[in-house]
Amino acid sequence: MLKDQEYVEKDDKTRFLDAYIERCDKETENMIKNESSAFLAEPLDYLKKHKNEFIYLESKWFDLVNVDSISVEADDVFGTYDVMLGLKLQKKFEKVIKEQLNANLHGGEAKFDLIFSHEDGLWNLNFALNYVEGFNENITMNEAFQLIYHFLFKLIEAVKGINS
């Protein structure tokens, strides 16, 4: 966790104003362009119009949800918006993580992929944003990252609730 940072928040919409944002090429994972927070006003369907790209975002706020960064892309096969991240939780929380994901992702068959990496000591988690409550195709990038953040916040709350 970052030390000496303030997490004073007045408005959800401003959470990611100081985020580090990259547009990257899916095939090579090379950065196409480093974006300012103004990019977050783009509609989410930008990713369907630019299927070769994914968005990589880092924010101090992710420390609160045990994540360093989040990537989002449009899935070429299923047409969903895939969220990819590393969740910094111990392996012993597997059961509660899976229970929370199953309970809070609503929709198709393949709701999520969750694999523990012994090498990194974190969970590689991929899920379709389309299955998160409150999702609709007409949201902005900012609203999409807000939705992801709130989803992860509830997940971490559940894990910490079990752990306390």
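The numbers here are math on the coordinates, done by the rules we state, and not lab data. Keep in mind that this is a model prediction, so the values were computed, not measured. Every residue, glycine as well, gets a Cβ built from its backbone with ideal geometry; the counts of neighbours run over all protein chains shown.
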query: PRE reach from ASP68 (point 7 Å along Cα→Cβ): which of segment 25-55 fall under 17 Å by backbone N?
result: 29-31
- line: Restricting to Cα pairs under 8 Å and 6 or more apart, the percent relative contact order of the chain works out to 21 percent
field: 5 angstrom amide H check on GLU35, placed H, neighbours 5+ away
entry: ILE21, GLU22, ARG23
statement: When HIS50, HIS106 are ranked with the fewest other C-beta atoms within 10 Å first, the list becomes HIS106, HIS50
message: Under the rule of at least 5 residues apart or a separate chain, name every residue whose amide H is placed under 5 Å from the amide H of ASP75.
response: THR80, TYR81, ASP82
Cβ charges +1 (Lys, Arg) and -1 (Asp, Glu), total dipole of the chain, debye: 480 debye
query: Most mobile of LYS95, LYS154, LYS60 per a Gaussian network model of the chain (Cα springs, under 10 Å)?
result: LYS95
- prompt: Residue by residue, what Karplus-based ³J(HN,Hα) values in Hz, rounded to whole numbers, does segment 115-130 have, using 6.51, -1.76 and 1.60 with θ = phi - 60° and x for Gly and Pro?
  reply: 9, 7, 9, 5, 5, 8, x, 9, 8, 8, 10, 10, 8, 8, 4, 4
task: Enumerate the amide H contacts of GLU53 below 5 Å, restricted to partners 5 or more residues apart or on another chain; note that Pro and chain-start residues carry no placed amide H.
output: LYS26
message: Among ALA103, ALA128, ALA144, which one shows the highest mean-square fluctuation when the chain is modelled as a Gaussian network with alpha-carbon springs under 10 Å?
response: ALA103
field: HN-Hα J in Hz across segment 51-61 - Karplus 6.51, -1.76, 1.60, θ = phi - 60°, x for Gly and Pro
entry: 4, 7, 10, 9, 9, 10, 9, 10, 8, 4, 5
field: Within the chain, longest stretch free of exposed GluC sites (Glu not before Pro) [DSSP loop, at most 15 other beta carbons within 10 Å]
entry: 30-108
query: When we measure straight from the Cα of LYS111, which aspartates and glutamates land under 14 angstrom away, once same-chain ones fewer than 8 places off are left out?
result: ASP75, ASP82, GLU99, GLU133
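One-quarter of the Cα convex hull surface for the chain, in nm²? Walk me through the numbers on the way to the answer.
Details: hull surface 41.0 nm².
Reported value for the Cα convex hull: 10.2 nm².
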statement: In terms of the charge dipole of the chain, which places +1 on Lys and Arg and -1 on Asp and Glu at the beta carbon, the residue among PHE78, LEU122, LEU47 farthest towards the positive end is LEU122
